[in-house]
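The values are calculated or read from the model by the stated rules, or taken from the named source; none is laboratory data. Note that this is a predicted model, so its numbers are computed, not measured. Every residue, glycine as well, gets a Cβ built from its backbone with ideal geometry; the counts of neighbours run over all protein chains shown. SASA here: full protein model, heavy atoms, side chains in, ligands and nucleic acids out. Shrake-Rupley method; radii C 1.70, N 1.55, O 1.52, S 1.80 Å.
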Amino acid sequence: MSDKKKTEFPTLPVWLSVTVGFAVAFALGEYYGFPWWLRLVAVGAVSLVIEAANQIVRRLADSRKNADRA
């Protein structure tokens, strides 16, 4: 039996990070009174942070997977 199946770590879709960004921007606007331009910055910042975390998790999983092979 061969365990050569490629089990790749799943990635988060971009639409999910943008949707979470809009949800955070809505909450900032409703509860803290942020202006529209600051909400727009929040969408970009939240999306960037989620994508960065996604990349970090994928790279750590890949490096751990490669370390197990060696």
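For the chain, the longest principal axis of the C-alpha atoms and the axis of helix 36-69 are separated by about 10°. This model, with +1 at the C-beta of Lys and Arg and -1 at the C-beta of Asp and Glu, gives the chain a dipole about its Cα centre of some 380 debye. Counting charges near Ile56 (Lys, Arg +1; Asp, Glu -1) among other residues having Cβ under 14 Å from its Cβ returns a value of +1.
Apolar share of the accessible surface for the chain: 67 percent from carbon plus sulfur atoms, 1.4 Å probe.
Rounded to the nearest 500, the 222 nm mean residue ellipticity of the chain from helices alone is -27000 deg cm²/dmol, with -39,500 (n - 2.57) taken per DSSP H run of at least 4 residues. Checking (1) 129; (2) 88; (3) 74 against volume of the Cα convex hull per residue in Å³ calculated from these atoms, the matching label is (2). Averaged per residue, the chain has 84 square angstrom of accessible surface, using a 1.4 angstrom probe with ligands and nucleic acids left out.
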